[in-house]
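The values are calculated or read from the model by the stated rules, or taken from the named source; none is laboratory data. Remember, it's a predicted structure, so these values are computed and weren't measured experimentally. Cβ sites come from the backbone with ideal geometry, for glycine too, and all protein chains shown count toward neighbours.
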Amino acid sequence: MSAKPVNAAIEGWHTLDTDKPQLLGSRCDSCGTYYFPKMLKYCRNPGCDSSDFSEVPLSRTGKIWSYTNACYKPPEPFVADDPFVPYAIAAVELAEEQMIVLGQVVKGIDVDQLKVGMDVELVLETLHETEEDTKVTWKWKPVA
Amino acid sequence: MSNDIAILGVGMHPWGKWGHNFVEYGVAAARAAIADAGIDWKDVGFVSGAATMRCGYPGYVAGATFAQALGWQGAEVNTSYAACASGSQALAAARAKILSGECEVALVVGADTTPKGFLAPAKGYRPEDPDWVRFYLGITNPTYFALYARRRMDVYGDTEEDFGLVKVKNSEHGFTNPNARYKKKFTLDDVAQSAMVADPLRLLNVCATSDGGAAMIVCSMDYAKKMGKADAVKVAAISTVTPTFASEVVEMPDIATDSAAAAGVEAHRFRASLPVKAYEEAGIGPEDVSVAEVYDLSSALELDWYEDLQFCARGEAAQLVREGVTKLGGRLPVNTSGGLACFGEAVPAQALAQVCELTWQLRGQAGDRQVEGAKVGITANQGLFGHGSSVIVKR
Ligand SMILES: [Zn+2]
């Protein structure tokens, strides 16, 4: 492992807690709608015109709504391993927030190990490395 | 008062990867539509273009670009951009102009030239652009369609073979279509042997991007009568409604859905809301439909559309394709043109191409692809950022 500093691939979208990381979203102070990525300016609920929001960590566990994988290298700005290693992707339903959040699935898990309705939790894993740091992002991991 | 307008003429430039300027395709399609309508170009009072975002400034002002290419003759122009629904919005603009009495005859055109290879977002670190974010995180267009397909498999029991049947059906339909790009009768085995792109979708389950052009001449019912074409195919409804908050299905390019956590908010499915408004506007129900053109960005997505268009209950779409209901000769043929499977997507032209096919079907001019006695046709498509459309045409 490199001794490079670890940074979020997209700054401010999740905590860097290595043990129990969480996505960082926001919640409308008026109607309670959650947003990820964060919305801090205008509530998109048609029945609400609030512009007051609080930043909130989101549930770090959910159920798989659906899943797939990427068999081909995506175009830029994705930074792919060379050679490219396919990875699985999951769309996960968060019960409290009543929203679906996409994300890669941790390395080593392929689609044949996934199922709609399966419990997963949020972890951090490397997305890619730069000269200066290791960029991590959130990934979904089946709960053992 | 009737909101019908008549489709006097339709025309297309064949789909392909021709690499020419998009204006050429638009002009060819427009001239074919004008000839089909039996009018003079100078009779057109309104030119409504569907914009392309890939061909520079002329594409942003497509209405004027086509009007100039056909020869400035003083018509008013309009350009619409609405992703995959661009053509329908251009048609809606023409209909509004005609129904308000401001013009009698309008030309609607869409054409595109597509780049080779993957569509990729503009460069630079842009975390506020969802389209940039999803690519950065490794989520491409096929990801979304694969998620929908896999959910069908796990929840309804659909199989990869069902998706293959859709591809086989559409390739048989498009085989004799002179405007289609891919003319090969694929077998279930061909599909199963093609490379996996995004599980469970293989290369032959996902659509390509193409060059192409489609156009139509539309007019008031009075004008159609004057032309001796009172029995022309009519546009009975155009729906371009937005989704309703909150969303039940994660849509491209979003990384998350809108939350339904607010009290009293239910999650909705966007695709299903498009035909609801169209059926209502036309006073026509799904049971009246004789033929449909739907956006098969993936062959599994075609099955979602059967349910969204209310051709069957949720979860039962695979049964329709297994029984041949949606095949030519079946009770309700879908994608008789061959669909995106045989065309590949030429965004601003695609919604219009769907209406062209239905017009030929309702006139009885679809040749080998003809649906006997077709009376009512419906289109459906969906694109980025809440854009989608559904158009109903009738005899
Ligand atoms: Zn609110």
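Can you name every residue in the stretch B:319-339 that is part of a helix (DSSP H, G or I) and either buried (at least 24 other Cβ atoms within 10 Å of the Cβ) or within 22 Å of the chain's Cα centre (by Cα) (or both)?
B:Leu320, B:Val321, B:Gly339
Have a look at B:Ala93, B:Ala83, B:Ala62, B:Ala33 and point out the one that is touching a Phe, Trp or Tyr at 6+ places or on another chain (Cβ under 9 Å) and crowded, with 24+ Cβ neighbours inside 10 Å.
B:Ala62
Just checking, does the stretch B:200-220 include any residue being among the basic types (Lys, Arg), in contact with a Leu (Cβ under 6 Å, 6 or more places away or on another chain) and closer than 26 Å to B:Gly315 by Cα?
Checked the stretch B:200-220: no residue is among the basic types (Lys, Arg), in contact with a Leu (Cβ under 6 Å, 6 or more places away or on another chain) and closer than 26 Å to B:Gly315 by Cα.
Please specify each residue of the stretch A:1-51 satisfying the condition of being under 18 Å from B:Ala260 (Cα atoms), among the hydrophobic types (A, V, I, L, M, F, W, C), more than 13 Å from the ligand (Cβ to nearest atom) and part of a loop (DSSP other than H, G, I, E, B).
A:Phe36 - this is the single residue of the stretch A:1-51 that is under 18 Å from B:Ala260 (Cα atoms), among the hydrophobic types (A, V, I, L, M, F, W, C), more than 13 Å from the ligand (Cβ to nearest atom) and part of a loop (DSSP other than H, G, I, E, B).
Please state which of the following conditions B:Gly157 fails to meet, knowing it meets all the rest: (1) within 14 Å of chain A (Cβ to nearest Cβ); (2) crowded, with 18+ Cβ neighbours inside 10 Å; (3) under 30 Å from A:Gly117 (Cβ atoms).
(2)
Please work out which residue is nearest to A:Gln113 (Cα to Cα), limiting yourself to the stretch A:66-82 and to residues that are surrounded by 15 or more Cβ atoms within 10 Å (Cβ to Cβ) and more than 7 Å from every other protein chain (Cβ to nearest Cβ).
A:Lys73
Would you confirm whether or not the stretch A:98-113 contains a residue that is small (Gly, Ala, Ser), in contact (Cβ under 8 Å) with a residue 24 or more places away in the chain, more than 7 Å from chain B (Cβ to nearest Cβ) and surrounded by fewer than 19 Cβ atoms within 10 Å (Cβ to Cβ)?
No: zero hits.
Cβ-Cβ under 7 Å, sequence separation 6+ or interchain: first residue in the stretch A:22-41 and over 12 Å from A:Gly12 (Cα atoms), partner in a strand (DSSP E or B) and more than 12 Å from the ligand (Cβ to nearest atom). Which pairs?
Hits for this filter: A:Arg27/A:Val56; A:Tyr34/A:Gly25; A:Tyr34/A:Met99; A:Tyr35/A:Gly25.
Of the conditions (1) out of contact with any Gly (no Cβ under 8 Å at 6 or more places or on another chain); (2) under 30 Å from B:Tyr136 (Cβ atoms), B:Ser273 fails just one. Which one is it?
Condition (2) is where B:Ser273 drops out.
Going residue by residue through the stretch B:1-20, is there one that turns out to be in a helix (DSSP H, G or I) and either surrounded by fewer than 18 Cβ atoms within 10 Å (Cβ to Cβ) or assigned by TED's automatic domain parsing to the domain that holds B:Ala224 (or both)?
Among the residues of the stretch B:1-20, not one is in a helix (DSSP H, G or I) and either surrounded by fewer than 18 Cβ atoms within 10 Å (Cβ to Cβ) or assigned by TED's automatic domain parsing to the domain that holds B:Ala224 (or both), which makes the answer no.
In the stretch B:31-40, is there at least one residue being small (Gly, Ala, Ser) and at pLDDT below 95?
no
Provide a single number: the residues in the stretch B:287-318 that are more than 20 Å from B:Ser239 (Cα to Cα), crowded, with 24+ Cβ neighbours inside 10 Å and out of contact with any Pro (no Cβ under 8 Å at 6 or more places or on another chain).
So the count comes out to 3.
Can you find a residue that is within 14 Å of another protein chain (Cβ to nearest Cβ), touching a residue at least 40 places away in the same chain (Cβ under 8 Å) and either in a loop (DSSP other than H, G, I, E, B) or within 28 Å of A:Trp138 (Cβ to Cβ) (or both) anywhere in the stretch B:259-269?
no
Return the only residue of B:Arg126, B:Arg31 being more than 30 Å from A:Trp13 (Cα to Cα) and either of a type outside the set (Phe, Trp, Tyr) or touching a His at 6+ places or on another chain (Cβ under 6 Å) (or both).
Exactly one residue qualifies, and that residue is B:Arg31.
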